[in-house]
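The values are calculated or read from the model by the stated rules, or taken from the named source; none is laboratory data. No experiment lies behind these values; they were computed from the predicted model shown. Cβ: placed from backbone, ideal geometry, glycine included. Neighbour counts: every protein chain shown. We work out accessible area using only protein heavy atoms, side chains counted, and drop any ligands, DNA or RNA first. Shrake-Rupley method; radii C 1.70, N 1.55, O 1.52, S 1.80 Å.
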Amino acid sequence: MKLNMRDSESVAMRHAMVASQLRTNAVSDVRVVAAMDTVAREAFLPAELASVAYRDTAVPLGHGRAQNVPIATGRLLTQAELRASDRVLLIGAAGGYTAAVLAALVAEVVAVESDPTLAGFARAALADVAAVTVIEGPLEAGHAPGAPYDVIVVDGAVEEIPAGLIEQVAVGGRVVAGILDRGVTRLSAGRRTAGGFGLLDFADIDCVTLPGFARPRTFTF
């Protein structure tokens, strides 16, 4: 993909992101830091957005979607305790950036994206990354044919995680996600056990909201 920034400029901005946004905000897994210091975020954004690829806020992608904040993604991947042998289900592929970072850390990534334009963009951007498969479909449905996964990464905030999605992670597997609660986003993590599943918050950090996960509304009189 042709980029608008010179390679040297991109590398400098990427190093600055790591130094000022990640290392100062508890992104402490050296493997995650190294991967985010290597993968070019601008390669997974439309060319006209390359100049804002490394800012510390979400990058709008259109269609109501945005690339997640670097700090949020970095904290989620750190909390996931990723292993080289892991199979990961990524919910919210967007343009493919987080899938590319994961591919540098784990054995296999299945990245689900509901927006057809973004799914096509991600496939093109990840064409040379053999470890990633992009699936177009509802985010909340995940990809059951590929289950069970060792890890589910929800790269954004949702009101709740459906039971059908949790069932796609193996017993003992990890789940990390942003949770949207009354307008506030919190990063959370949990493990599926034989007896059930629960999430614990570990950081209050802004992150993008993903579609399809609205909690059913109840009527009050």
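Given the structure, is T117 closer than 13 Å to A35 by Cβ and not in a strand (DSSP E or B)? Give the derivation first.
Working: closer than 13 Å to A35 by Cβ: no; not in a strand (DSSP E or B): yes.
Judged against the criteria, T117 is not a match.
So, of the residues in the stretch 164-203 that are open to solvent by 40 Å² or more (accessible area, probe 1.4 Å) and among the aliphatic types (A, V, I, L, M), which turns out to be nearest to V69 (Cα to Cα)?
V184
Within the stretch 93-152, can you find the residues that are under 18 Å from G173 (Cα atoms) and hydroxyl-bearing (S, T, Y)?
Y149
Considering (1) hydroxyl-bearing (S, T, Y); (2) open to solvent by less than 40 Å² (accessible area, probe 1.4 Å); (3) free of Cβ contacts under 8 Å to residues at least 24 places away in the same chain, say which one Y54 fails and leave the rest.
(3)
Residue-by-condition table, conditions (1) modelled with pLDDT under 95; (2) in contact with a Leu (Cβ under 9 Å, 6 or more places away or on another chain); (3) of a type in the set (K, R); (4) under 22 Å from L82 (Cβ atoms):
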| position | (1), (2), (3), (4) |
| --- | --- |
| A103 | no, yes, no, yes |
| P116 | no, no, no, no |
| I179 | no, yes, no, yes |
| R191 | no, no, yes, yes |
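Taking strands (runs of 3 or more DSSP E) that fall entirely within the stretch 121-221, which contain at least 2 residues that are more than 26 Å from G62 (Cα to Cα)? Walk me through how you get there before you give the answer.
Working: elements: 132-136, 149-158, 169-181, 184-193, 200-203.
Those strands (runs of 3 or more DSSP E) span 149-158, 169-181, 184-193, 200-203.
Among the numbered conditions (1) surrounded by fewer than 22 Cβ atoms within 10 Å (Cβ to Cβ); (2) out of contact with any strand residue (DSSP E or B) (no Cβ under 8 Å at 6 or more places or on another chain); (3) not hydroxyl-bearing (S, T, Y), tell me where F121 comes up short.
(1)
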